[in-house]
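Engineer: Submitted below is the structure of interest, expressed as structure tokens.
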Amino acid sequence: SFGLSEYPAEDFALVLWNHGCGPLEGVCLDELFGMDRLSLNDLSQALEDGLDGQKLRFIGFDACLMGSLEVACAVAPYAEYMIASQETEPGCGWFYTNFINELGSSTDMTTGAIGKRIADEFLVGCAELPYDDYFTLGIFDLQSVKSDLIPAVNNMAEEKRDLIEKP
């Protein structure tokens, strides 16, 4: 709410950073207050209350393990895209200096192109880290998640239901 009222703009994005624990444990663990965190319900409610009907161009999670269908479902009503990792992220997080100036000076980039730029720079930065690990950062079109992916997952679950042994 503060950002929307104090810094009006045509477009908004939101990046949440800190520790991510996936859909079951949430994001943004507060180490000073008993590891309190935002559950997916808390996050959805905060976006509902804070955005006042506006939609973000993207919501980013600079936090581990947030690139899941459950997280995408929770934020889909509030953003066009989600940028998140399915795996753990390095402690340094996203490589903001590699893309932020370019994004600020470009007014015609599509949201998908912005997400791709963030992900590309993340992977370039990770390749320069002194340890060998796997890194991911995905760009999720949340409209496709709602219109295509969720119905497909539901259909698959219904088809497989008969394969489950009944007590």
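Engineer: Got a number for residues in segment 56-94 being at negative phi and part of a loop (DSSP other than H, G, I, E, B)?
Structural biologist: Residues meeting the conditions: 14.
Engineer: I'm trying to understand the selection: among the residues of segment 48-97, which are touching a Lys or Arg at 6+ places or on another chain (Cβ under 7 Å) and exposed (fewer than 14 other Cβ atoms within 10 Å of the Cβ)?
Structural biologist: none
Engineer: Report every pair of residues separated by at least 6 positions or lying on different chains whose Cβ atoms are under 8 Å apart, first residue within segment 52-81 and more than 18 Å from ILE118 (Cβ to Cβ), second in a loop (DSSP other than H, G, I, E, B) and not acidic (Asp, Glu).
Structural biologist: Qualifying pairs under 8 Å: ASP52/SER1; GLN54/PHE12; SER68/GLN86; TYR78/LYS55.
Engineer: Would you mind finding the one in GLU25, GLU80, GLU87 that is touching a helix residue (DSSP H, G or I) at 6+ places or on another chain (Cβ under 6 Å) and under 25 Å from ASN154 (Cα atoms)?
Structural biologist: GLU80
Engineer: When segment 102-142 is examined, which residues are found to be part of a helix (DSSP H, G or I) and loosely packed, with under 11 Cβ neighbours inside 10 Å?
Structural biologist: If the condition is that a residue be part of a helix (DSSP H, G or I) and loosely packed, with under 11 Cβ neighbours inside 10 Å, then GLY104, SER105, ALA127 are the ones that fit.
Engineer: Right, next: Select from segment 31-47 the residues that are among the small types (Gly, Ala, Ser) and closer than 12 Å to VAL75 by Cβ and write down the one among them that is surrounded by the fewest Cβ atoms within 10 Å (Cβ to Cβ).
Structural biologist: Only one residue tops the list, namely ALA46.
Engineer: Continuing with the same structure: Would you point out which residue out of ALA119, ALA113 is aliphatic (A, V, I, L, M), within 18 Å of ILE59 (Cβ to Cβ) and touching a Leu at 6+ places or on another chain (Cβ under 9 Å)?
Structural biologist: Among ALA119, ALA113, only ALA119 is aliphatic (A, V, I, L, M), within 18 Å of ILE59 (Cβ to Cβ) and touching a Leu at 6+ places or on another chain (Cβ under 9 Å).
Engineer: Oh, and also: Considering every residue within segment 23-30, establish whether at least one is open to solvent by less than 60 Å² (accessible area, probe 1.4 Å), in a loop (DSSP other than H, G, I, E, B) and over 22 Å from ILE114 (Cβ atoms).
Structural biologist: Yes, there is a match, as at least one residue in segment 23-30 is open to solvent by less than 60 Å² (accessible area, probe 1.4 Å), in a loop (DSSP other than H, G, I, E, B) and over 22 Å from ILE114 (Cβ atoms).
Engineer: Additional query: Check GLU48, GLU80, GLU70 and return the single one that is in contact with a strand residue (DSSP E or B) (Cβ under 7 Å, 6 or more places away or on another chain) and closer than 21 Å to GLN143 by Cβ.
Structural biologist: Checking each option against the conditions leaves just GLU80.
The values are calculated or read from the model by the stated rules, or taken from the named source; none is laboratory data. It should be emphasised that the depicted structure is a prediction, and the values quoted were computed from it without experimental measurement. Glycine also receives a Cβ, built like all others from the backbone with ideal geometry; neighbour counts cover every protein chain displayed. Calculation scope for accessible area: heavy atoms of the full protein, side chains included, ligands and nucleic acids excluded. Shrake-Rupley method; radii C 1.70, N 1.55, O 1.52, S 1.80 Å.
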